[in-house]
Amino acid sequence: MLRHTVFAFLISTCLALSAWAQAPVDPPKPEEAPAPAPPPVEIGKVIEGYIANLASTDPILATEAYDALKEIGGQAVLPLATKLQAKETSADARYMICDLLGELRAATAVGVLIPILKDPQEHVSSVASAAARALGLLGDASAIDPLRAALASADMELQYESIRSLGNLR
């Protein structure tokens, strides 16, 4: 009797599997067309947006903008240098721009950074010290004389960064 029960179970299982195997399969769906790509964003507008965020009072937003501009690299140098020369740019943004130009090793920015060392209004805001630090990172020998002249400033931070930069340039 046990054999009969096991045999009946095996037959019913085989029939069920056979019916399952013969069940119609859903036909494959035609491939859907990929979603259209978003329109390309002009990199200049993206860079301008990040540069504007450098002046943000939100430190997280300003830091994210700094990091993004650093990641963009060489394409950001000219817009950064232009914004640095604009008088309406805040001291905080000018400070960060000087740092960025140094970090990016933007040799073309030497001519923009040197006049900042000579501007006494920049000494109060530490923008001149950021420019001195950037010049040291750039390694351009044309910055040696302006950095030496900056040693006569009353701004201790500028003197310190000028000394460090001169050490990097020797």
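Residues in the stretch 148-170 that are out of contact with any Lys or Arg (no Cβ under 9 Å at 6 or more places or on another chain) and surrounded by fewer than 24 Cβ atoms within 10 Å (Cβ to Cβ): how many?
Residues in the stretch 148-170 being out of contact with any Lys or Arg (no Cβ under 9 Å at 6 or more places or on another chain) and surrounded by fewer than 24 Cβ atoms within 10 Å (Cβ to Cβ): 15 in total.
Is it fair to say Glu103 is without any contact (Cβ under 8 Å) to a residue 12 or more places away in the chain and closer than 23 Å to Glu48 by Cα?
No; evaluated as a whole, the condition is false for this residue.
Return the only residue of Pro115, Pro79, Pro120 being surrounded by fewer than 20 Cβ atoms within 10 Å (Cβ to Cβ) and within 24 Å of the chain's Cα centre (by Cα).
Answer to the selection: Pro79.
Out of the residues in the stretch 82-95 that are charged (D, E, K, R), open to solvent by 30 Å² or more (accessible area, probe 1.4 Å) and in a helix (DSSP H, G or I), state the one that is nearest to Tyr50 (Cα to Cα).
Filtering the stretch 82-95 for residues that are charged (D, E, K, R), open to solvent by 30 Å² or more (accessible area, probe 1.4 Å) and in a helix (DSSP H, G or I), the one nearest to Tyr50 (Cα to Cα) comes out as Lys83.
Does the stretch 131-144 contain any residue that is small (Gly, Ala, Ser) and under 19 Å from the mean Cα position of the chain (by Cα)?
yes
(1) assigned to a helix (DSSP H, G or I); (2) of a type in the set (A, V, I, L, M, F, W, C); (3) open to solvent by 100 Å² or more (accessible area, probe 1.4 Å); (4) modelled with pLDDT of 65 or more: which one isn't true of Phe9, the others all being true?
Checking Phe9 against (1) assigned to a helix (DSSP H, G or I); (2) of a type in the set (A, V, I, L, M, F, W, C); (3) open to solvent by 100 Å² or more (accessible area, probe 1.4 Å); (4) modelled with pLDDT of 65 or more, the one that fails is (4).
Does Gly74 satisfy the criteria of being within 18 Å of Gly44 (Cβ to Cβ), modelled with pLDDT under 95 and surrounded by fewer than 20 Cβ atoms within 10 Å (Cβ to Cβ)? Full working, then the answer.
Values: within 18 Å of Gly44 (Cβ to Cβ): yes; modelled with pLDDT under 95: yes; surrounded by fewer than 20 Cβ atoms within 10 Å (Cβ to Cβ): yes.
Yes.
Are there any pairs, at least 6 apart or on different chains, whose C-beta atoms fall under 6 Å, with the first in the stretch 45-73 and free of Cβ contacts under 8 Å to residues at least 12 places away in the same chain and the second part of a helix (DSSP H, G or I), and if so, which?
As it stands, the answer is Ser56/Ala62; Leu61/Asn53, since those pairs meet every condition given.
Count, please, the residues in the stretch 96-107 that happen to be modelled with pLDDT of 90 or more and either open to solvent by 20 Å² or more (accessible area, probe 1.4 Å) or over 19 Å from the mean Cα position of the chain (by Cα) (or both). Show your work before the answer.
Residues of the stretch 96-107 modelled with pLDDT of 90 or more: 96-105.
Those still in the list that are either open to solvent by 20 Å² or more (accessible area, probe 1.4 Å) or over 19 Å from the mean Cα position of the chain (by Cα) (or both) too: 96, 99, 103-105.
Result for the stretch 96-107: 5.
The values are calculated or read from the model by the stated rules, or taken from the named source; none is laboratory data. These numbers come from a predicted model, not from an experiment. Positions of Cβ are generated from backbone atoms using ideal geometry, with glycine treated the same way; all protein chains shown enter the neighbour counts. Ligands, DNA and RNA are stripped out before the accessible areas are found, and what is left, the full protein with its side chains, is counted by its heavy atoms. Shrake-Rupley method; radii C 1.70, N 1.55, O 1.52, S 1.80 Å.
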